[in-house]
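Just so you know, all these numbers are worked out from the coordinates, no wet-lab data involved. Given the structure is predicted, the values throughout are model-derived calculations rather than measurements. Here Cβ is always computed from backbone atoms with ideal geometry, including for glycine, and neighbour counts include all displayed protein chains.
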Amino acid sequence: MYIVERYIEKDNSGSMLLWCVDQDDLWHLYNTIRIGDCVAAWTDRKINACDSRSKPIRETCELEVRVTSVDFDPVYEGIRVHGVLTPDSPYTGSHHTLDIKVNMRFTLYKKCWASFDVKRIETTVGTFNEQMTSVTLHEGFAQICVITETMTVVKAKVEMQVARKRAGFAINHEKSLQRFLETVAKAFLRHIDMDSMKAVIVAAREKLNEQFVKVLFDVADQMNAPIKKKNRNKFVFGNIASGYKHSLKQILSDPSTAHLLAGSKAHEEVKTLEKFMNLFDNDPSRAFYGYKHVDMANQLSAIDTLMVSDALFRSHDIQKREKYIKLVESVQENNGKVLIFSSLHVTGEQLDQMTGVAAILRYPLPELEDEDMEEDEKEEANAVTIKVHEYVVREFPNEVFVDSDDVDAIATSTF
């Protein structure tokens, strides 16, 4: 992201003229814009003609809205800012939606810029976020995802019937498995631009990953779109228990693939969450989750690493949002490390299932174990019915089965 201009007064009110350069920047922006802020950008608006018999015309103009809601969709690759037009804009008082996209300038105004929000934008300046592709599969199911610094985007899902191995009928299994792998390969070629990827992680049980890559190269040749030699070197193999999205956590912590993420925010999140889980099992007086316990530990300056989900900072409850911002600032003042987990990564999803906040302590505080969680945190923990040391398998409600005879059909796709 680029900060083109900045005008922030001593009372922390003011504006920034910003320019997003990639999808991760849009995610950071989505987590920065709050209800009540003002956003100004060039947009198209339908204008009714003076003559009632004439058709409405579209006019390109710069409009400013006071935000009432913000929507983000990683597939859409943009932010939709809904609001009421301010007195500084034509057609004041009416509603309008601004589409903020990559390589588009816009102005964000806040009555009070939190240091947390300013720092979040500043950390994105001049950064280039590399992308990776992951293909997770087991016989009959596969998911193709793009992994960035802040999110994991599912590009395609494939689910097909694969005949079981039976004595005397092995050829049926091989044929249906071949058709399944060809379908996944076609989905991969349709949705993934290899030139823009740092690496492609293919993870499966046994030798299915190697078998898939061989089929992928063959299908690409048949489609007269062979994969370049430099791109073939980007493929890395991994082992997982299943092809579902939650297996990405296993990939990100696998030593054979961890080097691809070395130094990245995603890798740091995985390692920190693993450390927390190990402490929770073996030394629970140094690992706590839930706002009440974490805040009590912070009051004693005992927090070494604070983990917070960015979903908490998007809360419409201003008081709730501010208490987490103050917690982050206080931990930093006490020389604690703060990691803001993206709720679009598997690690962020897991943290959300633990109330969205957790901490690793510098020293044990066994007295905190006797303190009850707050009522709303109890309800949230009971709602997900999760044990802290387990990861709940996410369900995919819109699965579509593909008949094994239809090789070209893609089960589900985000496009």
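See the values below:
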item	result
Neighbour-count order for 321, 34, fewest beta carbons within 10 angstrom listed first	321, 34
Furthest towards positive pole of dipole, 212, 325, 298, structure part the stretch 206-325, Cβ charges	212
Residues residue 230 and residue 9, FRET efficiency given R0 of 56 Å [Cβ-Cβ distance, rounded to 0.05]	0.65
For residue 287, net neighbour charge (Lys/Arg +1, Asp/Glu -1) across residues whose Cβ lies under 11 Å away	-2
Cβ-defined net charge surrounding residue 105, 12 Å radius [Lys, Arg +1; Asp, Glu -1]	-1
Size of charge dipole - the stretch 2-124 - debye, nearest 20, with Cβ of Lys, Arg +1 and Asp, Glu -1, no other charges	320
Positive minus negative residues near residue 43 (Lys, Arg vs Asp, Glu; Cβ under 13 Å)	+1
Taking 330, 342 and counting other C-beta atoms within 10 Å, the order from fewest to most	330, 342
Ranked list, fewest to most other Cβ atoms within 10 Å of each Cβ, for 42, 27	42, 27
FRET efficiency estimate (nearest 0.05) - Cβ-Cβ, residue 55 to residue 338, R0 56 angstrom	0.55
Charge-dipole axis of the stretch 265-384 as Lys and Arg at +1 and Asp and Glu at -1 on Cβ define it, positive-most pick from 280, 338, 357	338
Kirkwood Rh, angstrom, the stretch 292-371 [1 / mean 1/r, Cα pairs]	12.8
Cβ-placed point charges (K, R +1; D, E -1), dipole of the stretch 265-384 about Cα centre in debye, nearest 20	560
Cα-projected label distance for residue 92 with residue 189, points at 7 Å along beta-carbon direction, nm	5.8
